Amino acid sequence: MSSGEDVGANLEAGETLLREAAAGDADLAVLPEYFTCLVSSAARAQAAEPVPGGAACDMLAVVARESSMWVIGGVSELDADHRFDTTPLFDRSGDMVARYRKIHLYDVDLPGQPPFRESATFAAGTQLVSHETELARIGLTICYDLRFPELYRGLMALGAEAIVVPSQFQYQTGKDHWEVLLRARAIENQCFIIAADQWGTFGRPEQGRRSYGNSMVVDPWGRVLVRAPDEETGVWFADLDMTELRRIRQSLPALQHRVLGLSC
């Protein structure tokens with residue numbers, strides 16, 4: 001997706017994409033981070049809703065139930081006086097069965113751009129979250145988390161076999177780091193990585209903000225199974241072969257050879 005500031009239009013676009021995924025017999029569909037609103041941090045915070053209970057979660061739940069499909073999407077959550085960058089997971093019945101709040105907030109200073117300060121409007125989560133499905137145990141992460149391998153190692157230790165990464169990854173860093181990091185997380189944890197990213201420019205033109213796109217799915221050997229272009233809205237499909245995951249973990253038992261626990 002390439003989300004803008006119109007929440008209603010973004011919800012409509014997200015629903016269209018989810019239903020396209022369902023029409024292609026998808027079992028699991030993932031929308032990007034901030035799919036409901038992508039402008040300034042203040043606008044994203046203003047668009048925050050209860051999770052569940054807001055319009056975004058209501059839409060995700062309806063599509064999940066009507067399509068009998070697992071659904072994930074990145075939303076801005078309002079909880080009392082706090083706002084979180086949140087990924088909810090809905091099961092085939094439309095029930096929210098897991099919710100992950102982004103642990104690592106994006107506070108950086110990139111050359112040629114105004115500073116990013118997610119911590120100015122969002123609170124950080126504190127818990128690793130995974131959930132068992134009939135497809136695989138799914139681990140939940142968001143965007144900047146990708147740079148912190150200990151989080152992914154922790155999810156693997158909890159049994160995760162597929163880890164989702166709803167993202168709004170910056171073009172400036174994405175062109176050098178996005179694929180490398182996704183493949184590294186897949187290889188070192190011998191799991192599938194499912195990364196849905198925003199694409200296109202956003203915010204005021206003079207700020208030069210642009211999302212990288214290139215949504216992709218990577219297998220446990222580090223092979224890219226499918227990759228979207230850097231500028232295109234649509235749905236891309238990949239088959240997750242759990243037999244292949246087990247074969248890789250058995251033939252190259254690196255996960256069994258760990259001696260430093262979650263620190264390695």
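The values are calculated or read from the model by the stated rules, or taken from the named source; none is laboratory data. This structure is a prediction, so every number in the text was calculated from the model and none was measured. All Cβ positions, glycine included, derive from the backbone under ideal geometry; neighbour counts span all protein chains shown. Protein only, heavy atoms only, side chains kept; ligands, DNA and RNA dropped before computing areas. Shrake-Rupley method; radii C 1.70, N 1.55, O 1.52, S 1.80 Å.
Points worth noting:
- Meets criteria (of a type in the set (Gly, Ala, Ser), outside any strand (DSSP E or B) and within 15 Å of the chain's Cα centre (by Cα)) for Ala160: yes
- Any chance Arg147 is touching a strand residue (DSSP E or B) at 6+ places or on another chain (Cβ under 6 Å) and open to solvent by 40 Å² or more (accessible area, probe 1.4 Å): no
- Here is the figure for the range 113-128: residues that are in a loop (DSSP other than H, G, I, E, B), out of contact with any helix residue (DSSP H, G or I) (no Cβ under 8 Å at 6 or more places or on another chain) and either of a type in the set (S, T, N, Q) or surrounded by fewer than 18 Cβ atoms within 10 Å (Cβ to Cβ) (or both) total 5.
- Residue check for Ala123: of a type in the set (A, V, I, L, M) and more than 15 Å from Arg101 (Cα to Cα): no
- Filtered by the rule that a residue be open to solvent by less than 40 Å² (accessible area, probe 1.4 Å), farther than 22 Å from Asn214 by Cβ and within 16 Å of the chain's Cα centre (by Cα), the range 129-144 gives Val129, Ser130.
- Tally, over the range 5-35, of residues that are more than 18 Å from the chain's Cα centre (by Cα) and on the phi < 0 side of the Ramachandran plot: 12
- If you go through the range 212-264 and keep only what is touching a Leu at 6+ places or on another chain (Cβ under 8 Å) and either among the basic types (Lys, Arg) or at pLDDT below 95 (or both), you end up with just Arg249.
- Note on the range 94-105: residues that are in contact with a His (Cβ under 9 Å, 6 or more places away or on another chain) and open to solvent by 40 Å² or more (accessible area, probe 1.4 Å) amount to 1.
- Some residue of the range 227-242 being more than 16 Å from Thr141 (Cα to Cα) and of a type in the set (Phe, Trp, Tyr): yes
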